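Right, one structure below, let's go through it.
The values are calculated or read from the model by the stated rules, or taken from the named source; none is laboratory data. Remember, predicted model here, so these are calculated numbers, not experimental data. Because the Cβ atoms are built from the backbone with ideal geometry, glycine has one as well, and the counts that use them run over all protein chains shown. Only protein heavy atoms, including side chains, enter the accessible area calculation; ligands, DNA and RNA are left aside. Shrake-Rupley method; radii C 1.70, N 1.55, O 1.52, S 1.80 Å.
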Amino acid sequence: MDEADIAAGRERWQQRYDAARKRDADFTTLSGMPVEPVYGPRGGYDGFERIGWPGEYPYTRGLYPTGYRGRTWTIRQFAGFGNARQTNERYKMILAAGGGGLSVAFDMPTLMGRDSDEPQSLGEVGHCGVAIDSAADMDVLFDGINLADVTTSMTISGPAVPVFVMYLVAAERQGADLSRLDGTLQTDIFKEYIAQKEWLFPPDPHLRLIGDLMEYCAAEIPRYKPLSVSGYHIREAGSTAAQELAYTLADGFGYVELGLSRGLDVNRFAPGLSFFFDAHIDFFEEIAKFRAARRIWARHLRDDYGATSEKALWLKFHTQTAGVSLTAQQPVNNVVRTAVEALAAVLGGTNSLHTNALDETLALPTDESAEIALRTQQVLMEETGVVNVADPLGGSWYLEELTDRIEAEAEEIFTQIRSLGEDGSMTAGILRGIEDGWFTANIAEAAFVYQQALEKGDKKIVGVNAHTGTVAKELEILRVSHEVEVEQRRELSARKGNRDGVRVEAALQALVQAARTEENLIVPMLEAARAEATLGEICGALKQEWGIYREPARF
């Protein structure tokens, strides 16, 4: 790009920056030196159209001309343990300490669509997240928290839709205007088949539910994002950075194709798709991954799927620091790892961020370790100056080369995925790749290669295969009492005994009847939740109708 084009681009950016709202803050260095909101080449720059200016296509440098001068990322700490009352207390602590939104972690029975009193739930209730059996638990979970004023993210996919309607019922009972609700539901079933393995039904019924949810939110709750396409779990399963990026964006394209198949306008529903990435320990590779993600998404949405509005081209994403990078050995070192990973997410332009706690390889976080994780973000935000300049590493020879290389790898993977399907669509390729074990095989191979490098000592992890001596003492960890499960089961039994059983049964029958038609299932499912039908009952009724999915055996 020649000097004149770059100068014209800077002028466009300047006009948008001047017109945008900025925070009332000190945008100088620690020594008081003024800094510009963005930096770029002073003359010509070959290939600058691939880098560009913040807030301008292809969004490599961020979605907004102001960067974080307009608004900082949302501090959204993932939390959930024990019962709804205990988690409610943690949420209030997070909000009081400066958290900007809520992110709900559910226990394993809830993630699998089971009630706390089912035999398969024994010993798991409340241990890796909060137990939610019905809308009454949602009432307690958000007691004293105005859902109309707080953005709420829920990390759940298989039973995401019934859990979502329970959240809606809790908001109704608070007197909230449901059309004002804002937040994100994960819902991403593709990544369950690819990596996390928490599905309920075969793919087609899951996609039917997701399509119904997309339609409902577009019509009734326009600010709520019905899908958070997740690369986090793909990376945690052992993928490379390029695989995480490519598989995640391919899944996103699959959901775009789902929306289009429902007759939805891409310019209206695409802004409701958000993304969830892992921030791993290789600092520059992660920054490059985030920058490439925005560029790839914008180009494909425009060129392949016909999006024309700016917001439809935006890739908004939440980031969580890499749980798999944390070590049980010398766990205090995890504070450093988390800080480095969080800084990579910020320099990559994340829209919201969760920082892991130092003890998460051993147990759920204690109040103290959760506070350290939260303060890590606040130190980055308030003390380091990283919010002063948009994409401060843009133009770095190393970073731009990494960004281009990761993008090129992702494009090669897209071609491979499309070739798997008979019609050349991304959806057909994903479904065939799931059925054939293509994704899991590639992730397993990447994980194996990395593990070999660790065992040979080519890759280092401090405290594991390098610098293993320590004077650290054993940590005090959070232990979830067995009484949580006993109490949850007792409460659920009482709730079932006190509700209108006839109403529950009628609502479940109406849901099943609707599932046999093309009717949108959100409305009958809402009625079941209002009647206090449990998660297990709702999911169980649909399992009887749709069946369950079993992964094909492979050797």
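Quick one: helix 160-174 against the long Cα principal axis of the chain, what's the angle to the nearest 10°, folded into 0 to 90? For helix 160-174, the angle is close to 80 degrees. In the chain, the portion of solvent-accessible area held by carbon and sulfur atoms comes to 51 percent [1.4 Å probe, whole percent, DNA, RNA and ligands not counted]. Its DSSP H runs of at least 4 residues, each contributing -39,500 (n - 2.57), put the calculated 222 nm mean residue ellipticity of the chain at -15500 deg cm²/dmol, to the nearest 500.
Calculated accessible area for the stretch 150-263 comes out at 23 Å² per residue, all protein chains present (probe 1.4 Å; ligands, DNA, RNA ignored).
Positive end of the dipole of the stretch 76-219 (Cβ unit charges, origin at the Cα centre): among CYS128, LEU185, LEU95, the Cα lying farthest that way belongs to LEU95. Under the classification rounded if a/c is under 1.5, otherwise prolate if a/b is larger than b/c and oblate if not, where does the stretch 366-483 fall, given a ≥ b ≥ c as square roots of the Cα gyration tensor eigenvalues? Prolate. Farthest towards the positive end of the charge dipole of the chain, among the residues TYR57, PRO162, LEU454, is the Cα of TYR57, using unit charges on the Cβ of Lys, Arg, Asp and Glu. For CYS217, the solvent-accessible surface computed with a 1.4 Å probe is close to 0 Å², ligands and nucleic acids excluded. Rounded to the nearest 10 degrees, the angle from helix 367-383 to the longest Cα principal axis of the chain is 30 degrees. Between TRP438, ALA219, GLY44, the Cα set farthest toward the positive side of the dipole of the chain (charges on each charged residue's Cβ, about the Cα centre) is that of GLY44. The dipole here belongs to the chain: it is taken about the Cα centre, uses +1 on the Cβ of Lys and Arg and -1 on the Cβ of Asp and Glu, and is about 640 debye.
Placing unit charges on the Cβ atoms only, positive for Lys and Arg and negative for Asp and Glu, gives the stretch 246-341 a dipole magnitude near 260 debye about its Cα centre. Indicate the gyration tensor shape class of the stretch 482-555 (rounded, prolate or oblate), computed on the Cα atoms with a ≥ b ≥ c the square roots of the eigenvalues: a/c under 1.5 is rounded; otherwise a/b larger than b/c is prolate and the rest oblate. Note, shape of the stretch 482-555 comes out oblate.
Indicate the gyration tensor shape class of the stretch 13-68 (rounded, prolate or oblate), computed on the Cα atoms with a ≥ b ≥ c the square roots of the eigenvalues: a/c under 1.5 is rounded; otherwise a/b larger than b/c is prolate and the rest oblate. The shape class here is oblate. Take every DSSP beta bridge whose two residues both sit in the chain; close to 5 percent of them are antiparallel.
Between the stretch 170-232 and the stretch 307-322, what is the C-alpha centre distance in whole Å? If you average the Cα positions of each part, the centres end up 16 Å apart.
Local charge for THR366 was computed over the other residues whose Cβ lies under 12 Å away, with Lys and Arg +1 and Asp and Glu -1, and equals -4. So how tilted is helix 535-546 from the main axis of the chain? Cα-based, degrees 0 to 90, rounded to 10. Taking Cα atoms only, the helix is inclined about 90 degrees.
Taken about its Cα centre, the stretch 436-529 carries a charge dipole of roughly 260 debye when the Cβ of each Lys and Arg holds +1 and the Cβ of each Asp and Glu holds -1.
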